[in-house]
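Visitor: Take this structure, written in structure tokens, and hold onto it; I'll ask about it next.
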Amino acid sequence: MDIVKLKGEDKQLYHLVAHLVMNEEVLTYNLNYPYKTSSEYYWFVVTEAGNTLGFVPVKLEEGKAKINNYYVANDDTTVFSTLLKEVINTFSLDFEIESVTQIRHIPYFERNGFSVTLYWKRYAKMKAFRREKECL
């Protein structure tokens, strides 16, 4: 399993995820909400043997790294953990990490250092525990 980190407008991103973000089943997985990207996004994509297994786009704004849409094939726990740990390792020293998480995915996020701060009908707002900067 490999993880690829890409800017939101990187041409390789389209090769890895376009076939998924336009797929009816994947859109249904995302509760029919379209996936978005721009230069403010970083995408974390898990691949294996040429197949895309999942992705998490993260938008950087207002001192926060925000997860608002994601996809993990078959809700695979290993793929979820790989993606969320990579997001935390990449951004936790410099940004507060938040997620708008589907209710059914709360346990996956909790196992990876997130806690619920607010519940809505189909989603929960979650925050990752901050990783402290190491003292020398």
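The values are calculated or read from the model by the stated rules, or taken from the named source; none is laboratory data. What you see is a predicted model, and the numbers here were worked out from it, not measured in a lab. Neighbour counts are summed over all protein chains in view; Cβ atoms, including those assigned to glycine, are modelled from backbone coordinates with ideal geometry.
Visitor: Starting from the stretch 108-123, keep only residues that are closer than 19 Å to Phe91 by Cα, then list their pairs with residues that are surrounded by fewer than 11 Cβ atoms within 10 Å (Cβ to Cβ) whose Cβ atoms are within a distance under 6 Å, requiring at least 6 positions of separation or different chains.
Guide: Cβ pairs passing all conditions: none.
Visitor: Applying the selection to the stretch 41-51, what residues are in a strand (DSSP E or B) and either modelled with pLDDT under 95 or farther than 13 Å from Lys5 by Cα (or both)?
Guide: Pass one, the stretch 41-51, residues in a strand (DSSP E or B): 41-48, 51.
If the condition is that a residue be in a strand (DSSP E or B) and either modelled with pLDDT under 95 or farther than 13 Å from Lys5 by Cα (or both), then Glu48, Asn51 are the ones that fit.
Visitor: Check Val58 against each of (1) over 19 Å from Phe109 (Cβ atoms); (2) touching a strand residue (DSSP E or B) at 6+ places or on another chain (Cβ under 7 Å) and name the one condition it does not meet.
Guide: So the condition that Val58 fails would be (1).
Visitor: Further question on the same structure: Are there any strands (runs of 3 or more DSSP E) wholly within the stretch 63-134 with 2 or more residues that are among the hydroxyl-bearing types (Ser, Thr, Tyr) and over 19 Å from Tyr42 (Cα atoms), and if so which? Let's see the steps before the verdict.
Guide: Values: elements: 64-67, 96-102, 114-119, 123-128.
It comes to 114-119.
Visitor: Which of the residues that make up the stretch 1-32 are of a type in the set (Ser, Thr, Tyr), over 22 Å from Thr90 (Cβ atoms) and surrounded by 12 or more Cβ atoms within 10 Å (Cβ to Cβ)?
Guide: Filtering the stretch 1-32 down to residues of a type in the set (Ser, Thr, Tyr) leaves 14, 28-29.
With over 22 Å from Thr90 (Cβ atoms) added as a condition, the list becomes 28-29.
The one that is of a type in the set (Ser, Thr, Tyr), over 22 Å from Thr90 (Cβ atoms) and surrounded by 12 or more Cβ atoms within 10 Å (Cβ to Cβ): Tyr29.
Visitor: Of all residues in the stretch 69-103, how many are at pLDDT below 95 and under 21 Å from Leu20 (Cα atoms)?
Guide: Going through the stretch 69-103 one residue at a time, the tally reaches 1.
Visitor: Name the pairs whose Cβ atoms lie under 6 Å apart, with the first residue in the stretch 61-89 and under 18 Å from Gly8 (Cα atoms), the second basic (Lys, Arg) and surrounded by fewer than 21 Cβ atoms within 10 Å (Cβ to Cβ), and 6 or more positions between them or separate chains?
Guide: Lys66/Lys59
Visitor: Do we find a residue being under 11 Å from the mean Cα position of the chain (by Cα), under 17 Å from Lys5 (Cβ atoms) and polar (S, T, N, Q) anywhere in the stretch 76-88? If you could, list the steps in order and put the result at the bottom.
Guide: Going through the stretch 76-88, the residues under 11 Å from the mean Cα position of the chain (by Cα) turn out to be 79-88.
Applying the additional criterion that residues be under 17 Å from Lys5 (Cβ atoms) yields 79-88.
If we keep only those that are polar (S, T, N, Q) too, we end up with 81-82.
Within the stretch 76-88 (the criterion being under 11 Å from the mean Cα position of the chain (by Cα), under 17 Å from Lys5 (Cβ atoms) and polar (S, T, N, Q)), the answer is yes, since at least one residue qualifies.
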